[in-house]
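For reference, the structure discussed in these notes is given below.
Values in this text are rule-based calculations from the coordinates and carry no lab data. Treat the numbers as computed from the prediction; the structure is a model and nothing was measured. With ideal geometry, Cβ positions are generated from the backbone for all residues, glycine too; neighbour counts draw on all protein chains shown.
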């Protein structure tokens with residue numbers, strides 16, 4: 001039977017993450033959490049972070065400042081609650097509330113992490129508290145442009161005169177990990193305002209280092225259910241977005257232009273036959289779908305009593321079921337974040353390979369622009385050789401291999417929202433030799449085998465089925481002479497990338 005929680009398939013426990021990949025991190029600003037903590041404890045003082053000060057410069061410069069309450073103050077949790085707690089264990093859901101920042105995409109990605117307590121505990125180190133070794137300093141880990149970074153913050157949080165948190169808060173007023181995590185994420189990206197408007201796909205990558213696949217549901221592949229099933233079994237994290245609209249909350253209970261978490265799938269047997277259901281959660285923890293298979297839908301009466309008791313939860317908690325057909329109609333896209341082998345179970349991790357290469361487009365040297373540019377400089381772009389090898393367990397050496405290729409550009413500003421993304425993409429050429437750079441003439445004579453459409457997004461990803469053999473990947477910007485650093489990532493059963 002289908003699992004109804006993505007985390008149910010745990011034949012072997014995954015590697016203890018805190019002791020593996022997450023220890024190999026860097027700090028974007030030279031602040032070592034352990035050194036700073038020990039210094040504060042020794043000096044008997046509370047940490048004050050000069051790199052992310054308790055003033056408006058950390059909040060932003062634009063619209064968000066105008067939304068702030070009058071007499072905004074910054075206070076530590078001990079001044080807000082008599083017994084603050086960092087993290088409330090044994091909670092299946094986050095129980096976080098969105099604040100003034102419009103970052104439902106960030107909360108929806110966090111919600112997906114609740115099914116991966118090992119990764120959540122690595123992003124949010126659990127050995128932190130407001131009692132033992134408390135010095136007003138906390139730290140969190142994010143995957144940032146190809147490496148894990150450790151971000152340190154002090155615990156001064158923006159509050160109203162009445163002591164209410166202005167940004168993310170917990171349903172339980174004494175729990176503060178969500179507010180502090182949001183502060184660390186805001187520091188990583190420049191300010192709280194830089195968390196306004198984003199994609200759930202970006203946050204999923206920042207929390208896991210995974211590789212995203214995005215499916216436009218208006219043109220969903222016929223095997224969408226099989227894709228969801230495979231994603232569920234392989235511990236992938238999933239999120240989605242609703243269509244934009246003039247009304248915020250629609251009559252059907254969905255929120256327009258909003259991010260949701262996919263929390264499970266289930267094939268049920270009704271009196272008229274089988275039906276594929278998708279379970280979703282609104283990160284607000286309230287406001288649910290009102291259509292078929294919603295909490296109060298008559299459709300539940302078509303199931304056996306046992307299945308109805310197992311699946312139906314008639315309470316306003318933001319979580320609900322809907323049919324796959326309705327899911328395709330009411331949501332724009334489905335994002336599947338495939339975990340890298342080091343975060344998979346040991347059994348699944350052995351079956352996949354993951355490679356990362358760093359590069360740069362430089363004016364007059366490697367910033368050639370796209371193939372369609374009239375100046376014919378496409379050949380100047382960096383070239384990467386990909387040798388796709390048949391997996392050892394494949395039945396035929398000539399059968400096609402599933403290969404995911406991702407291209408990510410680096411933000412050109414310290415602030416996430418201040419520099420627009422370049423249009424980026426890549427072409428893929430089949431080639432026999434693998435020892436020299438392709439000359440300019442090659443690109444005029446040969447058509448690419450595969451390509452990724454140019455998009456002005458942080459990361460573009462494409463899922464390919466490729467025959468074993470040698471390929472050349474050429475990443476580029478749409479326009480020539482545009483500069484940026486980038487990382488190229490490849491994910492498959494077996495390959496060599498150089």
Shape category assigned to the chain from the gyration tensor of Cα positions, a/c cut at 1.5: oblate
Segment 343-498: proportion of alpha-carbon pairs further apart than 18 angstrom, %: 59
Theoretical gain in end-to-end length, residue 233 to residue 315 [0.36 nm per residue, Cα-Cα removed]: 26.8 nm
Mean separation of Cα contacts under 8 Å (6+ apart) over length of the chain, as relative contact order %: 16
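So if R0 is 25 Å, what FRET efficiency would residue 402 and residue 433 give, r being the distance between their Cβ atoms, rounded to the nearest 0.05? List each step's numbers first, then the result.
Numbers: r = 25 Å, r/R0 = 1.00.
After rounding to 0.05, the efficiency reads 0.50.
Output the peptides 245-258, 47-60, 273-286 sorted from most to least packed, where packing is the average of other Cβ atoms within 10 Å over each peptide's residues.
Top of the packing list down: 273-286, 47-60, 245-258.
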More than 25 angstrom apart: percent of Cα pairs within segment 266-417: 62
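Listing 471, 384 from the residue with the fewest other Cβ atoms within 10 Å to the one with the most, what is the order? Can you show the working numbers first?
Working: 471 25, 384 18.
Going from least to most buried by this count: 384, 471.
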Spin-label pair residue 79/residue 95, simplified geometry with 7 Å Cα→Cβ offset, distance in nm: 2.6
Added length on full extension, which subtracts the Cα-Cα distance from 0.36 nm per residue, residue 247 to residue 61: 64.2 nm
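So, by mean Cβ neighbours within 10 angstrom, what's the order for 176-182, 39-45 with the highest one leading?
Working: 176-182: 23.6, 39-45: 12.0.
So the peptides 176-182, 39-45, ranked by packing, come out 176-182, 39-45.
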Those residues of segment 131-173 whose amide nitrogen sits under 16 Å from the label point placed on residue 70, 7 Å along Cα→Cβ: 160-163
In Å, descending, principal axis extents of the Cα set of segment 17-208: 46, 42, 33
The chain - mean residue ellipticity at 222 nm from DSSP helices (-39,500 (n - 2.57) per run, n ≥ 4, rounded to 500): -5000 deg cm²/dmol
Cα principal axis extents for segment 211-337, largest first, Å: 38, 33, 23
